[in-house]
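Here is the structure we will look at, set down as structure tokens.
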Amino acid sequence: MRAPDINSSSIEERENYIKEAYRCKGNCEICGLCAVLKGKSAEVVFDEYIKGEKAYFDIVKELR
């Protein structure tokens, strides 16, 4: 599933996407999401995307 575009989606849709895409898998040794998010919750990292202020892929690029 692709990230909803900020121009054609609601805050709820974007928030649900982030929660689902970055939900804890319960196996840190295999997953690695916490390392990608640098120990922060996905909702905090993607707050500007959820609010519709910044594109999803712009934030992803910043994480690299």
- Out of curiosity, is SER8 on the phi < 0 side of the Ramachandran plot, small (Gly, Ala, Ser) and open to solvent by 80 Å² or more (accessible area, probe 1.4 Å)? yes
- Of all the helices (runs of 4 or more DSSP H) wholly in segment 15-64, which have at least 1 residues that are surrounded by 12 or more Cβ atoms within 10 Å (Cβ to Cβ) and of a type in the set (Phe, Trp, Tyr)? 47-50, 56-63
- Item | Residue check, ASN7 of a type in the set (S, T, N, Q) and part of a helix (DSSP H, G or I) | no
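The values are calculated or read from the model by the stated rules, or taken from the named source; none is laboratory data. What you see is a predicted model, and the numbers here were worked out from it, not measured in a lab. Here Cβ is always computed from backbone atoms with ideal geometry, including for glycine, and neighbour counts include all displayed protein chains. Calculation scope for accessible area: heavy atoms of the full protein, side chains included, ligands and nucleic acids excluded. Shrake-Rupley method; radii C 1.70, N 1.55, O 1.52, S 1.80 Å.
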